[in-house]
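To keep things clear, I will list the structure first and then write my remarks on it.
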Amino acid sequence: MASITTFCFTFIIFFSLIPSTLSQKPKYMTFVVNATEHPPEDYFDYIVIGGGTAGCPLAATLSFNHRVLLLERGGVPHTNPNVMRQEGFIPTLRQVDDHYSPAEAFSSEEGVPNARGRILGGSSAINAGFYSRADDEFYNRSGINFDSSSIERSYQWIEKAIVFQPELEPWQSAIRDGLIESGVRPFNGFTLKHTIGTKIGGSTFNSSGHRHSAADLLNLAKENNIKVAVYATVERILFSSENVHATGVVFRDTAGRYHHAMLKKQGEVILAAGAIGSPHLLLLSGIGPRAYLSSWGIPVVDHSPFVGQFLYDNPRNGISFLTPSLLRHSLIQVVGITDSGAYLEASSSVRPFHSHVHSRRSHSSPTYFTVANIMEKIIGPLSAGSLRLASTEIIRSPTVSFNYFSSPVDLERCVNGTRKIGEVLRTRAMAGFRFWNWHGAEFRFVGARLPANQSSDEEMGAFCRQTVNTIWHYHGGCLVDRVVDSDLKVMGVGSLRVIDGSVFSISPGTNPQATVLMLGRHMGLKILRNRMQKKSA
């Protein structure tokens, strides 16, 4: 009981320090403005739509030599305690509204709840912080014209600024031992690289639990060359009337006023709004299937039949249980990379117990308990869905379908992953998380438990379908060779690119954050290099 009291006291003191931390404005705030302060019209070399995981490093890089405007529909992260602390991960995803919350909730047609970032930093400002590079196969299969030396330099630029080696929390140490004991070997220690076995990955939370996100990479921008407009909702991309190329964008501020951001000569509009936002805005701007756009009354700029198609989400399945003793809050720090198509991760959360029984002690302290989670996600996936318009208003989320487990390969991989969870539960490392009663030692599950007959493909497959959830790793919708070319230029349209996870046909490695951050930096360097070469030719 003393250890629990000490923990709770530390927890309270920890949070009492938050306001002083939040009061320190990041360096990048010197060039961040509310969209209401933006002039009715202005000109830029590059207009980046979406201040998220790819957009921030991209805009920061382009600002080295050119005037850049970064447009973000949400606000800034550093003033929000839940966003900036790892303990606020779940509250951030739960406390949502229709307009300004850092997370925007949406559900797929399958009824699976999901979320996307609506804040400077994008999903890197609301995620679990785990950082792990893509597997080598991803680069070859992506179709993107990558430069291997630039990939490494780009990763290092990101990692120097916002990535940390975590100190393992007790639950993370236990899951590490359980993975190794269950055969997810070898143990590779701490590494940012993707490698078979069990490893400790990087984190964008520092040792104090303070979040670092893509927004912090704006601190590395050339501040005289960049402007960031927050609460700026881009309504559509503008195009020339003579030949099809982007000329600028129209965006609206919170007062309802419209602003025009226009391109200078040789400039580009770059979509970095993510797997939902980028295809959504392309459709509303007139780039998509001709007949479909016409049915909505949208003037067709270019017939591009695959915009919004081949949309993917990595299904998450797993189990949760109470622990006999209180554990500290932990987000993902360890991953098991199996050779059977699945990745295993874990987390733990501290929650207050709300008793319905009236206490005579009016000032009694709340009681806390811990929920431990073990989850698996599959490689890929192969099952593809689509995105369709729900309205011609950009503020209305589109309708999305992911068709989870429509591919039998995906279902097989899920079965493999959930079986491995069962093996982990049977290890000695997990023995201390069981409760003893007259039946013996058993887990106290919260929600669904694994089937009793885990050797049955049919029962395990049914578990996968019935408990499917998201791990927030959706991607696709603007695939390479279907919507964009290998340099991520929108095919058939000039001065327009898409640089974000919507161009991926597979999710990179265990968690996409590192690769999307790298992509923004990599493509920024490539654009600068190519433009310089043209100038000197």
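Overview of values
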{"read-out": "Debye intensity ratio in log₁₀ form over the Cα atoms of region 43-110, taken at each q of 0.14, 0.15, 0.29 Å⁻¹", "value": "-0.57, -0.64, -1.22"}
{"read-out": "Kirkwood hydrodynamic radius over Cα pairs of the chain, then Stokes diffusion coefficient at 37 °C and 0.692 mPa s, in µm²/s", "value": "136 µm²/s"}
{"read-out": "P(r) weight above 12 Å for region 487-534, C-alpha pairs, percent", "value": "67 percent"}
{"read-out": "P(r) weight above 23 Å for region 164-309, C-alpha pairs, percent", "value": "60 percent"}
{"read-out": "Radius, Kirkwood style, for region 231-273 when every pair of distinct Cα atoms is counted (Å)", "value": "11.2 Å"}
{"read-out": "Antiparallel DSSP beta bridges within the chain, as percent of all bridges there, nearest 5", "value": "70 percent"}
{"read-out": "Isotropically averaged projected area of region 446-486, using the convex hull of Cα atoms (one quarter of hull area), nm²", "value": "5.1 nm²"}
{"read-out": "Among beta bridges that DSSP assigns inside region 184-318, antiparallel share in %, nearest 5", "value": "75 percent"}
{"read-out": "Cα-based convex hull, region 147-197, per residue volume (Å³, whole number)", "value": "81 Å³"}
{"read-out": "Rg and Dmax [Cα atoms of region 283-327; Å; Rg one decimal, Dmax integer]", "value": "21.5, 61"}
{"read-out": "Inverse of mean 1/r across different Cα pairs in region 299-456, Kirkwood, Å", "value": "19.2 Å"}
{"read-out": "D (Stokes-Einstein, µm²/s), Kirkwood Cα radius, region 267-341, 0.692 mPa s at 37 °C", "value": "196 µm²/s"}
{"read-out": "√(5λ) per eigenvalue of the Cα gyration tensor, region 417-537, largest first, Å", "value": "49, 17, 10"}
{"read-out": "Per residue accessible area in Å² of region 412-537, where ligands, DNA and RNA are left out and the probe is 1.4 Å", "value": "44 Å²"}
{"read-out": "Difference of contour (0.36 nm per residue) and Cα-Cα distance, ASN34 to HIS210", "value": "60.9 nm"}
{"read-out": "Carbon/sulfur fraction of accessible area - the chain, other protein chains in place, 1.4 Å, %", "value": "51 percent"}
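The values are calculated or read from the model by the stated rules, or taken from the named source; none is laboratory data. Because the structure is predicted, anything quoted here is derived from the model rather than measured. We work out accessible area using only protein heavy atoms, side chains counted, and drop any ligands, DNA or RNA first. Shrake-Rupley method; radii C 1.70, N 1.55, O 1.52, S 1.80 Å.
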